[in-house]
Every structure is written in structure tokens, then in C-alpha cells.
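*Asks:* Below: one structure in C-alpha cells.
What follows draws every value from the coordinates through simple rules; no lab data is involved. Source: prediction; values computed, not measured. Every residue, glycine among them, receives a Cβ derived from its backbone with ideal geometry; neighbour counts consider all protein chains shown.
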Amino acid sequence: MTEIIGGIGVGRTAVVAEVFHVSPTPTLPDWARTSNAVEVESQTLIQAIAEVEAQFKQLIGTSDGSSAEILDALVELLIDEALFEEAVAYLEQGWSAAASFGKAADTFSELLSGDAAMEERSLDLQDLSKRVQAVLAGINLAIDIPSTGSFVVVAEDFSPADTSQFPASVVGVITTGGGPTSHTSIICRSRGIPALVGAKLARQLEPGTSVLLDPLGNRAVAGGLISDATPEVEYVPKREKPIIKVLANIGSFDDAVMAAKTAASGVGLFRSELLYLNRAQEPSVESQIHDYSKVFAAAPIGPFIVRTFDPQDDKPLQFLGLEPKASIANYRVLKSRREILANQLRAVEGARQATGREVWVMAPMIGSAEEALDFADLARQSGNFKVGVMVEQLSLITEISKLKGSIDFLSVGTNDLAQNLFNLDRQNLTNPELLDPWHPEFLLKLTEIAQAAKQAQISVSVCGEVAANPAFAVVLAQLGFSSVSVAPSEVEAVSVALRS
Amino acid sequence: MKNIESTIAVIDPIGLHARPASQIVKAVRQSGLNVLIGRKGGKLITANSPLQLMALKIKTGETLTVSIETDDEDAAAALVAELQGLLKG
């Protein structure tokens, strides 16, 4: 039986090699107190830190630019003086060297938490802390991959130190965790090693058997042949401009900066909730105006589409006060907290005025024409926007005709649409059907949406992941979609396809 | 010795994140000077810890105060220029 494991592909080249499971990090001893003198323990700690530093320096010497730069920054964290002073404070309370360093790292991890840009550094710090504790416990953390042969290595995730010491026998990487911007992805991309990240079911791959790693197909196929790999289509641009507009999906100021460096002709999806995921309190209108203005000002020229807060199970908004499981995605949830939605729309209007940008707003989770019109009323009272709604619930599709004259645009969220169409569990995204935009039923549904929108004289675009597949973007143009919106990193490839 | 105070602007689009924080600590270490740094108007900390600098969570557009303990105004000015260069992004 062929087994297909879904995930997120990194790189463009497929490989076939033997599956090699890298064992999870050995368990470190529990933190303990010691009767040793502080001076003795502190010397022991200094030596352990120096040993980890030496390990890293050695790796830096054999690494390429990107990896070396990441490792170099890690060394600076390792020898951080404040970190050491914090550890000494724990030594003085009688904790062992390992416990003290671990606790000091935890203290700083805590300080860095709650800020997306720093979260990854907090993970780095934890990895460094483990390495120092392993040295102290005499545990070898080096990953043991045979240096001859060719392997696709499988693990939960790899730290930068792991990835940079892969022998040449590692020709592919599969992780059950991680995402497109995790260290593993960045380093694999820079080293030209194909990878599949977020492949939740990768542990099912049988060690020692052959696997096809097909990054363009976002999958690994047990026993698959290289001829089964998703072929890369090459496009040669013939036009100056794409046949339909390509916009960027963003979720932060950094994304906006990145998008502005691409050919994106605007922002097709701003995931506004990502700015406030961990807030226990609703952000004030003033702070929202400040945050949105910054993002608007940095974004690529062209219309800027703000999606209002989209609370879902995988990204609950604490200040909405919903039980995680109760936050079933529908507009009624936000309607019942109308103040929050009204405040957000006021803030978007404030930022629009402050920056002079062309701003459109759209609501997620809309299940009926009635809900769409309710949102449109509220939005038009709140500011000077073009108003749209997302098409992701099946119940809205049959009511698109009722939106004629009231709604300016529609945007299809293909991730949620596919999930609703195939009745998939959001926590089990590894189902390959969801990742396959060419599924006939899915294509039929998109065709139905495009036709209904055309009849209602409403422009319709696609802002889901599938649009980032260049060939699929061309199909969307043929179906009658007026624009696509994709991650900044995909704008170039999609634009080239749409110019060919 | 006197303390020479200057201000630098955080222009880097990601704010004072890991790489500039590490580079600042390195530059200060290499200068051999005693340097305090912090948010303008806020508490200053010794610039010897990238982690503490990051924990300030300084964002793009904020201004930092740099206080350098030295009588050598040229050395101080050179260091300030170097630190500003690291926060250009």
C-alpha cells in the first residue's frame, strides 16, 4: 500500500532515499540541589558553557553563510553575561550547575515571551540550555547519522546546531513540527536540502524503507519513485503584467516590509488577528490605529484588504473570552461581541485617514447573505471602505446572488473552504485531499463561486494557499477570478506564471 | 571620567532583535568602554547582555539613550556611530 504523508514542502527538488529516524533528545536528569561550594559549581558551569561554545565554533567553521550567522548569534546568547549572573544567583541558592543554568534560561525565556519576533529566540535559548545541561550530565546530544549512504532524516524538529552538522549523506529532511519559516526550513533552503515540515504523520514512515520526498507536491510517499514526483513547470513571461493582479497575504509589519519588496500590487489579505493573539485585553482603538498605520505605511502600493479578527480553534483571541473549543468559526460569534468588531473598524478607518491608503475591509466566517449585509452596514457606518466578505462556508455560496449591489468584493479562503467541503478536522490537516487543489469537487466549487459572483457583478479573488501554486493561479484566472493573493515569498513565481 | 550621553534611533524594521542585540554587545566589548543603554527616558542597563537588550522589546521607531563612560569624546562618537549603523536594518 502506498502511504502518503502530507506537509509543507521546502525546496523544489524531489529525492528518493532511505528513511532514517533520528531519536528524540535523551531525557536530562531532574534539577537538583547540591552540597558543593558555589565556587566549585560555578567553575563546573563555566567549563560546560565553554565546551558547548567550542562545539558551536567548530560547527561555524564548517558551515555556510546563513547557518554560520545563525550559529554565531547563538554563541552570543550562550555566553551572555546576564544569563550567567542569573545562573550564579541560583547557584547561591544551592542549586546544581545544570539546574541553575536551566532556571536562568527559563527566566530569560519568560522575559522574551509574548513577542512573536522573540519567541524563536526563546526556543534557541532552551536548546542552548539543554546542551549545557547535557554536557554537565555527560550525555551526548550529537545526532548519529551514518555518513555513508543517502538518507531522508525524520524527527520532531531539528535545532540549528543539529541541521548544521548533518553529514553529506542527508539528502532530505522531514519534521513533524516546524513551519515554512522555522530554522529547519531556512537552513534546508540555504543548504539546498529538500524538506517537508509540519508532516504530522511522518513517524509512520518505516525506518530503512525507501521514501520519495516531493517538496513541490507537499508530500512524502512511502515507496514512491522519483518519476512520481510533482514536476516543476517552467514559465516564460511573455507579458509585462500578469493577466490578473497578484497581491500579498500578510500578518505583520515584517510581512508588509517583505511584500513591499515584491511585485505585489497591494495586500489581498491582512490577517489582523495575528497582531493580538495573546492579548487578554482588547487592544484600545488608539493602539490599533497605531499598529495598523505602521503596517499600512509599509505595505506595497495598491489596495490594502483588512480581514477583521478571525478567531478560530488554532488561533483563539483571548480577549474575545471564548472557550477554545467553543470558538466555532462563524460570524455570529463576532456579532455577539459587536463592540469589538465596531472598534476594530473604527481603528482601521483611523489608520486609513492617517496613512491616506486605499483600504478595503472584509469579514471572515460569513455563513449567509444576511450576515454579509449586516457586516456591510456596520463597515459602511464606520468608515470609507470598499466592503467585502470571505467565501469559505458552503452555505454562503448559494446566496451570493443576494449580495448584488450591496457587497463590493468577495475573497475565497480556500483552506477553510476545502475543510468545509471535505468535512476535515482542522487539527488533522495532514489529510492529503486538503492539500490537493486539483480535487475535482474542489474545482467545481470554485467554478460555482466564480460564476455566481459574475452574475451578481461582484469581483472575486482567491487568498488561500492554493493560489501560491503557479499552475493553479493560471487556472483561477481562467475560471474568472480577478486577483489572487499569496505569501510574499510566492509573489514572484505566481506573477511569472500569470505573465506567461 | 565623565559620562557622554547620546541618542540613537532604531530604524531596523524588526526592532531591536537578536542579531543587532548581539552585534551591539560585541561592538561595546571590542571598544573596551563601559556603556549603559536603554529606552530614552527609561532605566539604562549595562550593554553586556544581548538577552537583556532583547528583553527591553524595543520596537522600530523608538529612541535609545547610550551613556558612555569616557573622557575620549572621539572614541565615544565613533562607538555611537557604529551602534547607530547596527540599527539601520
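*Asks:* Sequence neighbours fewer than 8 away in the same chain don't count; with that in mind, list the lysines whose C-alpha is under 21 Å from A:Lys241.
*Replies:* Here the lysines satisfying the reach criterion relative to A:Lys241 are A:Lys261.
*Asks:* On to the next question. Give me A:Asp162, A:Asp408 sorted ascending by neighbouring Cβ count inside 10 Å, so fewest comes first.
*Replies:* A:Asp408, A:Asp162
*Asks:* Given the C-alpha centroids of region A:337-397 and region A:232-248, what is the distance between them in whole angstrom?
*Replies:* First find each Cα centre; the distance between them is then 30 Å.
*Asks:* May I ask you to list the lysines whose Cα is less than 19 Å away from that of A:Lys200, ignoring any residue fewer than eight positions away on the same chain?
*Replies:* Those lysines meeting the cut-off are A:Lys315.
*Asks:* While we're looking at this one, here's another question. For region A:227-271, which trypsin sites (Lys or Arg not before Pro) are both in a DSSP coil and crowded by at most 13 other Cβ atoms within 10 Å?
*Replies:* Hits after loop and neighbour filter: A:Lys238, A:Arg239, A:Lys261.
*Asks:* Grab the DSSP H runs of chain A that are 4 residues or longer, score each as -39,500 (n - 2.57), total them, divide by all residues and round the 222 nm result to the nearest 500 deg cm²/dmol.
*Replies:* Theoretical 222 nm ellipticity from helices: -13000 deg cm²/dmol.
*Asks:* Rank the residues A:Arg337, A:Arg307, A:Arg380 as a footprinting-exposure proxy: fewest other Cβ atoms within 10 Å of their Cβ go first.
*Replies:* Placing the least packed residue first, the sequence is A:Arg380, A:Arg337, A:Arg307.
*Asks:* Within a Cβ distance under 12 Å of B:Leu16, other residues only, what is the Lys/Arg minus Asp/Glu net charge? List each step's numbers first, then the result.
*Replies:* Working: positive: A:Arg121, B:Arg19, B:Arg39, B:Lys57, B:Lys59; negative: A:Asp115, B:Asp12, B:Glu62.
In short, +2.
*Asks:* If you don't mind, another one. Using alpha carbon centroids, what distance separates region B:43-89 and region A:58-127, in Å?
*Replies:* Taking the Cα centre of each part, region B:43-89 and region A:58-127 sit 21 Å apart.
*Asks:* Which order do A:Met118, A:Met362, B:Met54, A:Met258 fall in if you start with the one that has the fewest other Cβ atoms within 10 Å?
*Replies:* Lowest to highest Cβ neighbour count: A:Met258, A:Met118, B:Met54, A:Met362.
*Asks:* Enter the Cα centre distance for the pair region A:1-51 and region A:148-181, rounded to the nearest angstrom.
*Replies:* Result: 12 Å between the Cα centres.
*Asks:* What pairs from B:Lys2/B:Lys26; A:Lys294/B:Lys26; B:Lys26/B:Lys88; A:Lys386/A:Lys445 go past 20 Å between their alpha carbons?
*Replies:* B:Lys2/B:Lys26; A:Lys294/B:Lys26; A:Lys386/A:Lys445
*Asks:* Over the whole of A:72-82, what's the average partner chain Cβ count within 10 Å per residue? Rounded to a whole number, please.
*Replies:* 6
*Asks:* If you don't mind, another one. What is the sum of charges, Lys and Arg at +1 and Asp and Glu at -1, for the other residues whose Cβ falls under 13 Å from the Cβ of A:Thr447?
*Replies:* Local net charge: 0.
*Asks:* Once you order the gyration tensor axes a ≥ b ≥ c over the Cα atoms, which shape class does region A:38-137 get: rounded for a/c under 1.5, otherwise prolate or oblate by comparing a/b with b/c?
*Replies:* Oblate, since a/c reaches 1.5 and b/c is not below a/b.
*Asks:* Can you give the Rg/Rh ratio of region B:3-86, where Rg is from the C-alpha atoms and Rh is the Kirkwood radius?
*Replies:* 0.92
*Asks:* Here is a further query. Express the relative contact order of region A:38-137 as a whole percentage, based on alpha carbon pairs under 8 Å and six or more residues apart in sequence.
*Replies:* Relative contact order for region A:38-137 comes out at 32 percent.
*Asks:* Let me ask something else about it. Got the relative contact order for chain B handy, in percent, Cα pairs under 8 Å and 6 or more residues apart?
*Replies:* Reported relative contact order: 48 percent.
*Asks:* Expressed in whole Å with the largest first, what are the equivalent ellipsoid semi-axes of the protein assembly as shown derived from the C-alpha gyration tensor as the square root of 5 times each eigenvalue?
*Replies:* Taking √(5λ) for each eigenvalue gives 44, 32, 22 Å, largest first.
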